[in-house]
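Accompanying notes for the structure given below.
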Amino acid sequence: MSKIIKRALKILESRMTYESNIFSSPDDTKNYLRLKLGNKEREIFSVLYLSSQHQLISYEELFLGTIDGASIHVREIVKLGLALNAAAIVCAHNHPSGICEPSKADEFITQRIKDACELVDIRMLDHLIVSATDSVSLGERGLI
């Protein structure tokens, strides 16, 4: 990771305490996730666990995949959400190819995660697909 990206992450993370509101801005969330995941060579599925005020409780990289996919276990996302007492989540994963268009599999897993979370009163706010230079919000596309 370049020194500039490491420094940018340090600045963002220093602002992100439980009391901060950094994740109330979709652009800040996208930028944070692009910095965290955008330059990875393998697909990584992560989840931001948030309080009822959308403050960060925990950022977790849950599933590591290959250059073009990762196995996602919905049960583990929900289980950790309950353990952290999260009220909401934002899911994200990178596309190492740099092309952030969601696949049918991305849309399908998003719906499965949303449905499972709703059963335990955790709101899924968004699912972002990121690369080093771009990001796509499934929420903004009406897919959540």
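Taking (1) surrounded by 13 or more Cβ atoms within 10 Å (Cβ to Cβ); (2) under 22 Å from K40 (Cα atoms); (3) out of contact with any strand residue (DSSP E or B) (no Cβ under 8 Å at 6 or more places or on another chain) in turn, V74 satisfies each apart from (2).
Here is the figure for the range 1-59: residues that are hydroxyl-bearing (S, T, Y) and at pLDDT 85 or above total 8.
Inside the range 100-132, residues that are within 12 Å of the chain's Cα centre (by Cα) and loosely packed, with under 12 Cβ neighbours inside 10 Å make up a count of 0.
Condition check ((1) without any contact (Cβ under 8 Å) to a residue 40 or more places away in the chain; (2) in contact with an Asp or Glu (Cβ under 8 Å, 6 or more places away or on another chain); (3) among the aliphatic types (A, V, I, L, M)) across all residues:
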| residue | (1), (2), (3) |
| --- | --- |
| K40 | no, no, no |
| Y49 | no, yes, no |
| E60 | yes, no, no |
| V90 | no, yes, yes |
| I109 | yes, no, yes |
| L125 | no, no, yes |
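The set of residues in the range 126-143 being more than 18 Å from I44 (Cα to Cα) and either at pLDDT 95 or above or in contact with a helix residue (DSSP H, G or I) (Cβ under 7 Å, 6 or more places away or on another chain) (or both) consists of L143 alone.
On inspection, K36 fails the criterion of being farther than 17 Å from K114 by Cα and assigned to a loop (DSSP other than H, G, I, E, B).
So, S58, is that one closer than 16 Å to D126 by Cβ and in a strand (DSSP E or B) or not? Considered against the rule, which asks whether it is closer than 16 Å to D126 by Cβ and in a strand (DSSP E or B), S58 comes out as no. Out of E76, E101, E107, one residue alone is part of a loop (DSSP other than H, G, I, E, B) and of a type in the set (D, E). It is E101.
The values are calculated or read from the model by the stated rules, or taken from the named source; none is laboratory data. None of the values given here were measured: they were computed from a predicted structure. Note that each Cβ is placed from the backbone with ideal geometry, even for glycine, and that neighbours are counted across all protein chains shown.
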